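Written out below as structure tokens is the structure these notes cover.
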Amino acid sequence: MKKNIKVLITGSQGFIGSYISDELLRNGYDVVGADNYSKYGKLTRGHDNHPNFKLYEMDVLSSDFRKMFRNEKPDYVIMLAAMIGGISYFHKYAYDLLATNERINAQTFDTCIEGHKEGYLKRVLVYSSSMVFENTETYPTPETDILVSPPPSSTYGFSKLAIEYMAKGAYEQYGLPFSIIRPFNCVGLGEEKALGDEEITSGNVKLMLSHVLPDIINKTLHSNGEPIHILGEGNQIRCYTHGKDIAVGTRLVLESEKAINNDFNISIAKGHSVIELSKLVWEQIYPGKEFKYVSDKAYEYDVIKRLPDVSKAKELLNFEATIPLENTIVELITYFKEKHTVLND
């Protein structure tokens, strides 16, 4: 168990942040969270009442953030705070995604650089995204492809590429050690409809566009066995990685000296198309009934394939995602039914 190691997580109350908070607390870390609840609104997370967790409800861009940082003196920082959403965000907030995230990242890096200069901050863990490989033609995609792949077309993908370069720049100029984590399509409990999501209807059901899997489950539960609506042809391939696996990978990055000034794809190896995903959901909800679907118009930035090479994380971190997609589907369907959270209004 880790004693007296303090980790600050910006965006601790978000979807991935909650999984990481749980994982670190379970392994003996002290966790300090900073979150302004801007994505989902104020909500309760399972780690909130843990004796080794302290939450500051604040915006990273506020002057209070730097004051808190100096008072807490974290050993590590995990940068999760960002304006982030699903494919609707890429269109609706094309400018804000880039401008707001650059402000958040610069403020956080400035503060981390100060902490490193003062001798207490050991390293910053930067959360990037699979979207930095938006225009790659190499599959499975290794980490080294970041040096040769064309830059992302979406402003969101570009903002994630920028944070990687900011991490490298902070090390080159100020000696701040970093690790870059690229999660691929996190799934699990705790995904909610983002406050800023655009209201778009697919068939007669409003889409949960931030998250593919809850969206498909929601539409399937509403379909009453009739054809469900899918964006595009359904041939988009994703590696749906459980939040628990991503959290374990993050902890191993934090704990490994091999991760210093290094980057990692954190993902399950197996990919599924949207059609395959939809069939798996359908079979759980309507076993024995023929699967049918209708294609709706796809979005411009709906990347056809995201398939990472995960060998580096396995070799250097001894990390391998293990939770099957089928298990996650059952978990989420059960949650939707028990909590009566099927969304249609």
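The values are calculated or read from the model by the stated rules, or taken from the named source; none is laboratory data. Model, not experiment: these values are computed from the prediction. Every residue, glycine among them, receives a Cβ derived from its backbone with ideal geometry; neighbour counts consider all protein chains shown.
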**Message:** Can you tell me which of (1) closer than 27 Å to Ser12 by Cβ; (2) at pLDDT 95 or above; (3) surrounded by fewer than 14 Cβ atoms within 10 Å (Cβ to Cβ) is the one Glu315 doesn't meet?
**Reply:** (1)
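Quick one: is Leu97 modelled with pLDDT of 95 or more and under 30 Å from Ala298 (Cα atoms)? Show your work before the answer.
Working: modelled with pLDDT of 95 or more: no; under 30 Å from Ala298 (Cα atoms): yes.
The answer is no for Leu97.
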**Request:** Could you tell me which residue of segment 42-59 is modelled with the highest pLDDT, considering only residues that are touching a helix residue (DSSP H, G or I) at 6+ places or on another chain (Cβ under 9 Å) and basic (Lys, Arg)?
**Result:** Lys54
**Complete:** Going through (1) farther than 19 Å from Leu61 by Cβ; (2) of a type in the set (Gly, Ala, Ser); (3) part of a helix (DSSP H, G or I); (4) modelled with pLDDT of 95 or more one by one, Gly119 fails only at (3)
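Does Val126 meet the test of being in a strand (DSSP E or B) and touching a strand residue (DSSP E or B) at 6+ places or on another chain (Cβ under 8 Å)?
Working: in a strand (DSSP E or B): yes; touching a strand residue (DSSP E or B) at 6+ places or on another chain (Cβ under 8 Å): yes.
Yes; evaluated as a whole, the condition is true for this residue.
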**Request:** Assess whether Lys312 counts as being under 22 Å from Lys160 (Cβ atoms), of a type in the set (Lys, Arg) and in contact (Cβ under 8 Å) with a residue 40 or more places away in the chain.
**Result:** yes
**Fill in**
Over segment 275-305, the set of residues under 20 Å from the mean Cα position of the chain (by Cα) and modelled with pLDDT of 95 or more is Leu277
**Request:** Might you let me know whether segment 89-112 holds any residue that is of a type in the set (Ser, Thr, Tyr), free of Cβ contacts under 8 Å to residues at least 60 places away in the same chain and either touching a helix residue (DSSP H, G or I) at 6+ places or on another chain (Cβ under 8 Å) or assigned to a helix (DSSP H, G or I) (or both)?
**Result:** yes
**Prompt:** So, in segment 1-36, of the ones that are in a strand (DSSP E or B) and of a type in the set (A, V, I, L, M), which residue ends up nearest to Pro183 (Cα to Cα)?
**Reply:** Ile9
**Request:** Answer with yes or no whether Ile323 is surrounded by 14 or more Cβ atoms within 10 Å (Cβ to Cβ), of a type outside the set (Asp, Glu), without any contact (Cβ under 8 Å) to a residue 60 or more places away in the chain and touching a Gly at 6+ places or on another chain (Cβ under 9 Å).
**Result:** no
